[in-house]
Amino acid sequence: MESRRGFIRNMLGFSAFLIFGSRFKWKKSVLAASSSSSDISSSSARQKKTVNDPAVSVKYCGSYNQDEVYASILSGFGDIGFHVPRGKKVLLKPNILGQNYPDQAATTHPEVIGALCRIFSDNGCSVVIGESSAFYQGGGTEEGFVTSGMSDVAKRYGAKLLAFESTLLRKITSGQVLNPFYITEAVFDHDLVVDVPKLKLHRLARYTGALKNLYGCVPGGAKQLYHKPYQERPDYQEYWAKPLLDIYQAVNPGLIVLDAIVGLDKDGPAANGTPRKTGVLLISQNGAAADIAACRMIGFDPLWVPAVAEAVRRGLADPEHVRIIGELPSVPYDKLPDLVHKKGMAKKLDDYMFDQLIVEPAVSRSACTKCGICIRDCAPHAMSAGKSGFPVRNDAVCIRCYCCEKYCPDGAITLHGGGVNHLIRAVRSVAGI
Ligand code: SF4
Ligand code: SF4
């Protein structure tokens, strides 16, 4: 089983490199077209200018024993003065990058999510665990809920699972560089968003934690699309932090519980990295402060991490004024080499392989009843009725959110293409994992 998993890890790692570690092409018209869709109500509703308290509670937690994690989180809440609300709607946003298992340390551990479900549901809150995974082989986000252990946890504590591809989208126009963009409406349907990242290394972002985790509020392949305008820049690795922060600020989480009990060292963000025990949970109401603490713990200058540097530039935290409550351990992680901008054949190969990853929605006329739901609910208005009344997708406008696949009540929309995804799915099927 381990060698099979190793193969899958390498495949996913290769895919992650193609997505996040190389330049890729996309039809230039896609962003421009979505920018011109002026008939969608815009919103910057959740974004606030306030800077949350930069206190970070460091809680030793030697294992993923449920009771130990539960007690550590509650104690951390006390340290930072966070009061658990009563009877509210709470959205937990873990990191479920793909269809990984908890022991691979590429996803937030289910017992951390379980402890949070327990705490909030004990206070009469309704709890939703929401995510949009980065990889769409096999069952996408929903399959990721199963492999990562979130389905079991949800069942145990009566929480609901929500793949963001099945939600309506909100158009955001408040980004400093990314405009417009779309994130899940679920963020605005809840009273409290809890950001529950995994401490990991990341080939593009260098480190990923609280700030980067909310990129998963962008559904489906739009996550890849939003890299596109910046990839030809020589400072792409640094500059990409700006759209990342635009999304983080739009979501504006009220609480961060960073799973650093076991992090992912040596490589990442996919499961080709090496699990490394760090032994703590970091709890804060300020994502930038939590990431500054995490970077120090693993021996990184926080300002070397572009997302942290950008958050500091935007005034979300000051590294000199992060208040650490508890003892921050020193567990140095390896630094990944910086990106190499490929040229010539190497770049063409990257572009080709990237195209093989992307899946696209297609309408089956034999199953479609022309109900019009996909036309009505497509946020960027990429679907319209063709001459025959069947919906037609405008490739230049479609952001590949994959929401229409979920909207369609008749199963008439399915995802096609993605040669590498199909290969991974076939390997999983043959290997039985
Ligand atoms: S056509 Fe489907 S995948 Fe494309 S933007 Fe609309 S809902 Fe999203
Ligand atoms: S939602 Fe499904 S059945 Fe309705 S028009 Fe779209 S493809 Fe056809």
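The values are calculated or read from the model by the stated rules, or taken from the named source; none is laboratory data. Just so it is clear, the model here is predicted, and its values are computed rather than measured. Using ideal geometry, Cβ is built from the backbone for each residue, glycine included, and neighbour counts are taken over all protein chains shown.
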Those residues of segment 367-381 which are over 15 Å from GLU165 (Cα atoms) and in contact (Cβ under 8 Å) with a residue 40 or more places away in the chain, in sequence order
ALA367, CYS368, THR369, HIS381
Would you confirm whether or not segment 362-378 contains a residue that is within 16 Å of ligand 1 (Cβ to nearest atom), touching a Cys at 6+ places or on another chain (Cβ under 7 Å), at pLDDT 95 or above and in a loop (DSSP other than H, G, I, E, B)?
yes
Residues within segment 386-399 that are polar (S, T, N, Q) and near ligand 1 (Cβ under 9 Å from one of its atoms), tallied
1
If you scan segment 49-98, which residues turn out to be under 24 Å from VAL331 (Cβ atoms) and touching a His at 6+ places or on another chain (Cβ under 7 Å)?
PRO54, TYR64
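Identify all residues within segment 171-181 that are surrounded by fewer than 24 Cβ atoms within 10 Å (Cβ to Cβ) and not polar (S, T, N, Q); write none if there are none. Break it down into steps so the answer makes sense when it comes.
Keep residues of segment 171-181 that are surrounded by fewer than 24 Cβ atoms within 10 Å (Cβ to Cβ), which gives 171, 173-180.
Passing the criteria: LYS171, GLY175, VAL177, LEU178, PRO180.
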Of all residues in segment 349-391, which are more than 26 Å from the chain's Cα centre (by Cα), aliphatic (A, V, I, L, M) and surrounded by 14 or more Cβ atoms within 10 Å (Cβ to Cβ)?
VAL363, ILE373, ILE375
When the residues of segment 65-97 are filtered to those that are out of contact with any Gly (no Cβ under 9 Å at 6 or more places or on another chain) and closer than 16 Å to ILE261 by Cβ, which remaining residue is surrounded by the fewest Cβ atoms within 10 Å (Cβ to Cβ)?
ASP67
Some residue of segment 36-49 being part of a loop (DSSP other than H, G, I, E, B), modelled with pLDDT of 95 or more and farther than 30 Å from VAL397 by Cβ
no
Identify, please: which residue in segment 217-245 is part of a helix (DSSP H, G or I) and within 16 Å of ligand 1 (Cβ to nearest atom) and is, among those, surrounded by the fewest Cβ atoms within 10 Å (Cβ to Cβ)?
LYS228
Got a sec? Which of TYR407, TYR402 is modelled with pLDDT under 95, touching a Cys at 6+ places or on another chain (Cβ under 7 Å), within 9 Å of ligand 1 (Cβ to nearest atom) and not aliphatic (A, V, I, L, M)?
TYR407
If you scan segment 127-142, which residues turn out to be modelled with pLDDT under 95 and over 15 Å from the mean Cα position of the chain (by Cα)?
GLN137, GLY138, GLY139
